[in-house]
Amino acid sequence: GVSIGAAVNVDTLSLNVTGAGTVTQSAAVTANNLKLTGTNTDVTLNQSSNKVGTIAANVKSLSLVNDTGVDLNSSYGTGLYVGTVDGLSGINATGRVSITMNNGNIFLDKNIATTAIDTSWTAPALMLNAGANLSPTSTASAGVNPYGPNIVRLGTATLTVGLGGRGMLYTGSVDGGSAALATYIGAGTGRFRYGNDESTLSAALTAGLTPLLSGMNGIYRQQPSGLSGVFH
């Protein structure tokens with residue numbers, strides 16, 4: 001396995017673990033590009049001060065917490081790109097995939113696929129959280145991201161989990177950066193909740209309000225006028 005015990009600041013960081021190893025850290029990583037390979041490898045990079053620009057991975061499981069990403073001239077601002085690094089594209093896993101972006105967008109330029117079938121809303125097969133440092137009570141501002149960073153789907157990028165597994169996608173605005181994501185999930189499918197984030201939604205569901213569905217579910221910090229907090 002690999003244990004990152006001191007701060008790393010590089011253009012491209014490539015970690016390849018053979019066998020049943022792990023990748024962990026006790027110090028932050030700053031890298032424009034991060035490539036992770038090891039089909040039996042559990043990767044846990046949860047330092048809140050990580051600054052990764054583009055990630056590609058083929059691993060057993062992945063948990064990444066990122067503070068800020070890179071500026072690639074998107075109109076939506078900076079963020080973490082799920083893209084291509086040194087010939088490897090997207091994220092592929094057999095276990096859970098969790099990506100938290102504290103202060104930026106998550107740009108889906110390439111696919112994320114896992115065969116995990118986890119159904120818990122607090123630890124689902126796939127969890128993406130853009131702008132995690134904001135709460136649903138944040139006041140709307142001017143600009144393309146009025147409710148903070150979004151999960152921005154670029155092109156034809158897809159999100160898949162194992163049969164019966166659940167994906168939880170936490171984002172900011174109904175329109176703007178998240179519009180393509182909503183189209184991908186499908187209007188009228190009962191897979192949307194508004195005015196919530198990962199903490200408030202968990203409490204609401206624990207109270208027995210609205211059941212979650214398998215597959216992808218979109219949760220917005222924004223509460224549009226005329227829409228309740230139930231799924232639509």
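The values are calculated or read from the model by the stated rules, or taken from the named source; none is laboratory data. The model shown is predicted, which means the values in this text are computed figures rather than measured ones. Glycine gets a Cβ as well: all are built from the backbone with ideal geometry, and neighbour counts include every protein chain shown. Each accessible area value is taken on the protein alone, full model and side chains, heavy atoms only, with ligands, DNA and RNA left out. Shrake-Rupley method; radii C 1.70, N 1.55, O 1.52, S 1.80 Å.
When a 1.4 Å probe is rolled over the protein heavy atoms, the share of accessible surface on region 1-113 that falls to carbon and sulfur comes to 42 percent. Would you mind getting me the FRET efficiency between GLU198 and ASN111? Use the beta-carbon distance for r and R0 = 22 Å, nearest 0.05. Taking R0 as 22 Å, the efficiency between GLU198 and ASN111 is 0.45. Close amide H partners of THR54, meaning residues 5 or more places away or on another chain with modelled amide H under 5 Å apart, are ASN33, LEU34, TYR81. Inter-part distance, region 147-183 to region 44-74, computed on C-alpha centroids, equals 17 Å.
Protection proxy ranking for 104-116, 151-163, 45-57, using the average of other Cβ atoms within 10 Å per residue and placing the highest first: 104-116, 45-57, 151-163. For region 90-107, the Karplus equation 6.51 cos²θ - 1.76 cosθ + 1.60, evaluated at θ = phi - 60°, returns couplings of x, 10, 10, 8, 10, x, 5, 10, 9, 10, 10, 10, 5, 9, x, 6, 10, 9 Hz by residue, with Gly and Pro reported as x.
With the alpha-carbon atoms of region 142-206 aligned to their principal axes, the span from lowest to highest coordinate is 36, 31, 19 Å, starting with the largest. Once C-alpha pairs closer than 8 Å and six or more residues apart are averaged by separation and normalised to the residue number of the chain, the relative contact order reads 13 percent.
How many Å² of accessible area per residue for the chain, probe 1.4 Å?
Numbers: 9450 Å² over 232 residues.
About 41 Å² of surface per residue is accessible.
LYS110: which lysines have alpha carbons under 17 Å from its alpha carbon, excluding same-chain residues fewer than 8 sequence positions away? Correct list for LYS110: LYS35.
What shape does region 57-128 have by the C-alpha gyration tensor, where a ≥ b ≥ c are the square roots of the eigenvalues, rounded means a/c under 1.5, and otherwise prolate means a/b greater than b/c and oblate the rest? Oblate is the answer for region 57-128, as a/c is 1.5 or above yet b/c matches or exceeds a/b. Each other residue within a Cβ distance under 13 Å of THR171 adds +1 if Lys or Arg and -1 if Asp or Glu, for a net charge of +1.
Taking a ≥ b ≥ c as the square roots of the eigenvalues of the alpha-carbon gyration tensor, the chain is classed prolate because a/c is 1.5 or more and a/b outweighs b/c.
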